[in-house]
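Peer 1: To start, I am sharing the structure in question, which I have written as structure tokens.
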Amino acid sequence: MKKLKAALVQYDAKMQDKEQNTTTAVKLIREASQNGADLVLFPECFLTSYTAPDICEKLLPVQEIENCPEFIKWCEDALTEEEEYFVRIANLAAELNIGVIITGFSKGKRYPQNTAWVIDRDGKVILKYSKVHTCDFDWERYLESGDAFPVCRFDGITMGCMICYDREYPESARELMLSGAELIMHPNCCGGMPPRLKELSVRAMENMVGIAMANPPARGMGKSCAFSPVVWTKEGMDNTIFVGDELEETIYYVTFDMDEIRAYREREDLGKYRKPKAYKKLV
């Protein structure tokens, strides 16, 4: 039986302190390893924290703030794969023989990107995904958007990532499905979770993929979760694997039964009989 045990980190990295956040990440990865996890999923922008300079809250044109010292520092502090904090996480993955999906603001061409890295058991980056659907109605307008939904192979499983607001666009999960994704890992940092859990459930169902989300705890937040694509069963029609608490600061563990998922994908029809010629308004 092929199963994947994922550790969903429900923890809030509030401070723009990469040293502190990395130390916390190391502790959590070690705990997940001790509990037999194959893969650890962190919330959105864990190493750098999901925060921006106060000046970004004014939502001014970028040309008016890009020369402000606090904005320049924010851009300069974006993470690279060569930086000691990232290297510590990669080395730990190799030491513990565990996969890690770590997150943070990464350096873009000019401005930061909101990025998730999938690190394999040998400490190598096998996927770098930068958030495509940045929240341009808010301060994320100052980020550089990603331009693709890549997939990778982890433990023989085809896997991709979405980040937070990507969930609101069905094209995100559909693009990953069309690229062969069997599982989608979803770093998140937002509230208003009841309708968003429903979205993730539907994304799993309509694309016949497993989905896991890690979200920081807070009132209206939390609810780290996992959904199976398996909907039509003798037992019922609920594809929820797990939904966590709002406020609990913890690691949740979920298991994806890949044999069951693959058998279901083979026999069921969702997504198989698409009619692309009729989708006139899609690119």
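The values are calculated or read from the model by the stated rules, or taken from the named source; none is laboratory data. Just so you know, these numbers come straight off a predicted model, no measurement behind them. We place every Cβ from the backbone using ideal geometry, glycine too, and count neighbours over all the protein chains shown. Keep in mind that these areas ignore ligands, DNA and RNA; they rest on the heavy atoms of the full protein, side chains included. Shrake-Rupley method; radii C 1.70, N 1.55, O 1.52, S 1.80 Å.
Peer 1: Relative to 2.2 N^0.38 Å, what does the C-alpha radius of gyration of the chain come to as a ratio? Two decimals please.
Peer 2: It is 0.98.
Peer 1: Going by alpha carbons, how many degrees (0 to 90, nearest 10) lie between the helix axis of 258-267 and the longest principal axis of the chain?
Peer 2: Long axis of 258-267 versus the principal axis of the chain: about 60 degrees.
Peer 1: What percentage of the solvent-accessible surface of the stretch 40-110, computed with a 1.4 Å probe over protein heavy atoms, is contributed by carbon and sulfur atoms?
Peer 2: Using a 1.4 Å probe with all protein chains present, the stretch 40-110 comes out at 49 percent carbon and sulfur.
Peer 1: Give me the accessible area per residue for the chain, probe 1.4 Å, as a whole number in Å².
Peer 2: I get 46 Å² per residue for the chain.
Peer 1: What angle do you read, to the nearest 10 degrees and between 0 and 90, between the alpha-carbon axis of helix 18-34 and the longest principal axis of the chain?
Peer 2: The helix 18-34 is inclined about 20 degrees to the chain.
Peer 1: Further question on the same structure: Classify the stretch 176-247: rounded, prolate or oblate, from the alpha-carbon gyration tensor (a ≥ b ≥ c, eigenvalue square roots; a/c under 1.5 rounded; otherwise prolate if a/b is larger than b/c)?
Peer 2: oblate
Peer 1: A further question on this structure: Looking at the chain, what % of its DSSP beta bridges pair antiparallel, to the nearest 5?
Peer 2: 65
Peer 1: Determine the calculated [θ] at 222 nm for the chain from helices alone, applying -39500 (n - 2.57) to every DSSP H run no shorter than 4 residues and normalising by the residue count; nearest 500 deg cm²/dmol.
Peer 2: When only DSSP H runs of four or more count, the value is -8000 deg cm²/dmol.
Peer 1: Could you list, in their original order, any pairs among 2/27; 73/109; 73/107; 198/275; 2/198 whose Cα atoms are separated by more than 22 Å?
Peer 2: 2/27; 198/275; 2/198
Peer 1: Treat each spin label as a single point 7 Å out from the Cα along the C-beta direction, and report the residue 35 to residue 88 distance in nm.
Peer 2: Those two pseudo-labels are separated by 2.2 nm.
Peer 1: Also: Using Cα positions and a limit of under 24 Å, work out the lysines in reach of residue 281, with same-chain residues fewer than 8 apart set aside.
Peer 2: 131, 272
Peer 1: Related question: Of 173, 130, 43, which is farthest along the charge dipole of the chain in the positive direction, counting Lys and Arg as +1 and Asp and Glu as -1 at C-beta?
Peer 2: Of the listed residues, the answer is 173.
Peer 1: Looking only at the stretch 130-283, where both bridge partners belong to it, what percent of the DSSP beta bridges are antiparallel (to the nearest 5)?
Peer 2: Expressed as a percentage, antiparallel bridges in the stretch 130-283 total about 55.
Peer 1: About the Cα centre of the stretch 1-123, how large is the charge dipole given +1 on each Lys and Arg Cβ and -1 on each Asp and Glu Cβ? Please answer in debye to the nearest 20.
Peer 2: Rounded to the nearest 20 debye, it is 540 debye.
Peer 1: Given the whole protein assembly as supplied and a 1.4 Å probe, what does the accessible area of residue 182 come to in Å², nearest 10?
Peer 2: Estimated to the nearest 10 Å², residue 182 gives 20 Å².
Peer 1: Here is a follow-up. Please enumerate, by chain and number, the aspartates and glutamates with C-alpha under 15 Å from the C-alpha of residue 3, excluding those fewer than 8 residues away in the same chain.
Peer 2: Hits, sequence-local ones excluded: 38, 155, 182, 257, 259, 260.
Peer 1: Can you tell me what the convex hull of the Cα atoms of the stretch 25-93 projects to on average, as an area in nm²?
Peer 2: Orientation-averaged projected area of the Cα hull: 5.8 nm².
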